Every structure is written in C-alpha cells, then in structure tokens.
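The values are calculated or read from the model by the stated rules, or taken from the named source; none is laboratory data. Predicted model, so just to flag it, every value in this text is computed and none were measured. FYI the Cβ positions are ideal-geometry reconstructions off the backbone, even for glycines, and counts take in every protein chain you see. Accessible surface areas use protein heavy atoms only, side chains included; no ligands, DNA or RNA. Shrake-Rupley method; radii C 1.70, N 1.55, O 1.52, S 1.80 Å.
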Amino acid sequence: HGRICMLATLGWIVQEVVHLPGDVFSEKHAIAAIYKVPYAGWVQIIAFICLCELVTFKANYDDTSAPGAYGFDPMGLGKSDYEKLRLNEIKNGRLAMIGFAGFLMQYLVTGQGVIEQLTSFKSLL
C-alpha cells in the first residue's frame, strides 16, 4: 500500500501541472478526471493491472521469496544496507498514505487541488 500511495501522491500533484493534449486529459482535479475516462480507457487500465498481477503472481504469493523482491534492481541498491533502505521505504510509504489522505480530504472539502489551494491560501486567523 505504501508504494501505491507514493505513486498516487506524486500523480495527484503532477496531474495539476502537466496536461496532455486532448479533451480527456484537460481535467486538473484527480477525482473529476475519473469521470472523463472513456469506457475503452477503463478496459485498458484494468487489462494492464491484470497483466502486472499475472506477471508478479508467483513472486507475490510464493513463500520462498522475500516480500517486494521481484528481481528488478538495475541500480544495485539491493546490495547496500538493505535493512536501512527497507525501513526508509516503510516510513516514506506511511508518510505518503497520510499525505494522500490529506490531499483527498482537502479536495473534498474545498474543491481545489493541492497547488491551487497553495496559491490561493487565505489564513483563518
């Protein structure tokens, strides 16, 4: 869940800044953008998720491998201080979960995105 929240938090902010050409990609708020995705887009998203799950199924549910060890380490980080990196990932994942929950609540209460809220901030005091 931590890795997913790290990606979701980054994606929430990037979506407000980066816009691809086309009407489907014009929405800058993440929740509102969900409703602009066409049916074929949802099919592609679900198919990609299913493909990722199928490829990593054995590594995820086999008791012989360590959690999160998918054999993909192009930078050689697995050879360094593994316990420290593991602890850092857990802490960053927890922080991302709190951050994403904050982004979501902020949007639901104010209707503004993170960057939009920061640029139009008005103190309550």
* Answer label for Cα extents along the principal axes in Å (calculated), chosen among (i) 52, 43, 24; (ii) 50, 39, 24; (iii) 38, 32, 27 -> (i)
* Angle between the chain longest axis and helix 2-17 axis [Cα atoms, degrees, rounded to 10] -> 30
* residue 93: net charge of surrounding residues, Cβ under 14 Å, Lys/Arg +1, Asp/Glu -1, itself excluded? -> +3
* Asked: What net charge do the residues around residue 113 carry, taking every other residue with its C-beta under 13 Å from that of residue 113, with Lys and Arg at +1 and Asp and Glu at -1?
  -> -2
* With a 1.4 Å probe and every protein chain left in place, tell me how much accessible area residue 94 has, in Å² to the nearest 10. => 150
* What are the lysines whose alpha-carbon lies under 23 Å from the alpha-carbon of residue 91, with same-chain residues fewer than 8 places away excluded? -> 79
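Okay, helix-only estimate at 222 nm for the chain: each DSSP H run of n ≥ 4 adds -39500 (n - 2.57), divide by all residues, round to 500 deg cm²/dmol; what do you get? Present the calculation step by step, with values, prior to reporting the outcome.
Working: 5 runs with 79 residues, N = 125.
Dividing the helical sum by the residues of the chain leaves -21000 deg cm²/dmol.
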* Asked: Straight-line reach from residue 36: which lysines have a Cα under 22 Å away, not including same-chain ones fewer than 8 places off?
  -> 28
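Using per-residue counts of other Cβ atoms within 10 Å, averaged over each peptide, order 46-55, 101-110 from highest down. Working shown, then result.
On the way: 46-55: 10.0, 101-110: 12.8.
Highest mean packing first, the order is 101-110, 46-55.
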* Calculate the dipole size of the chain relative to its Cα centre from +1 charges on Lys and Arg beta carbons and -1 charges on Asp and Glu beta carbons; express the result in debye to the nearest 20. => 260
